[in-house]
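Working notes, beginning with the structure itself.
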Amino acid sequence: MSTSYRSNMSHGEYVEAYVLDLFEDLFYEEYRPSTEEEDFYYGTDCFIGDVPVDVTLSDSKNYVKYVKKYMLEGVTIHVLRRYGNAHHKFPRPVLVFHFDVYGLVDRSEICFLIEENLTRDIVADILGLYN
């Protein structure tokens, strides 16, 4: 993983950065990080191929439609389509990966569970839900 993880990152920022690095490792040729503008205005953390992706531990995203859930060992991924945020309507929806960790607070353990259970095939299947 390429990101240097800092102790001053919030719980969510730490896990998000870790998952984005995992996505980059799994989809190196297709992965592109978002710009600050794309993150702020369009709620996008990265692109995998042409799919805008948001990674979160938060279950309080607004302007979403529930798509599907993937139950993995110790973590569930709720897949959502997000159409806007409090500031902007998005020109195209964003695919949200909401990681539900059932109250687990050790961020290293959360990252370990995600890395051990989230495969390229699972992510590719989730990306296929975008269209």
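The values are calculated or read from the model by the stated rules, or taken from the named source; none is laboratory data. Quantities reported herein were computed from a predicted structural model and do not represent experimental measurements. Here the Cβ is made from the backbone with ideal geometry for all residues, glycine too, and neighbour counts use every protein chain on show.
In summary, Val123 fulfils each of the numbered conditions (1) of a type in the set (Val, Ile, Thr); (2) closer than 18 Å to Ala17 by Cβ; (3) not in a helix (DSSP H, G or I) with the single exception of condition (3).
For every residue, the table says whether it meets (1) surrounded by fewer than 17 Cβ atoms within 10 Å (Cβ to Cβ); (2) out of contact with any Pro (no Cβ under 8 Å at 6 or more places or on another chain); (3) small (Gly, Ala, Ser).
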| position | (1), (2), (3) |
| --- | --- |
| His78 | no, yes, no |
| Arg81 | no, no, no |
| Asn85 | no, yes, no |
| Lys89 | yes, yes, no |
| Gly128 | yes, yes, yes |
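Of the residues making up region 84-101, those that are among the aromatic types (Phe, Trp, Tyr) and out of contact with any Gly (no Cβ under 8 Å at 6 or more places or on another chain) are Phe97, Phe99. Of all residues in region 102-114, those satisfying the criterion of being within 14 Å of Leu72 (Cα to Cα), surrounded by fewer than 19 Cβ atoms within 10 Å (Cβ to Cβ) and touching a residue at least 12 places away in the same chain (Cβ under 8 Å) are Tyr102, Leu113. Taken residue by residue, region 73-83 has at least one member that is under 19 Å from Glu37 (Cα atoms) and either at pLDDT below 95 or touching a Gly at 6+ places or on another chain (Cβ under 8 Å) (or both).
Condition check ((1) part of a strand (DSSP E or B); (2) within 26 Å of Tyr28 (Cβ to Cβ)) across all residues:
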| site | (1), (2) |
| --- | --- |
| Lys69 | yes, no |
| Ile77 | yes, yes |
| Val96 | yes, yes |
| Leu113 | no, yes |
| Tyr130 | no, yes |
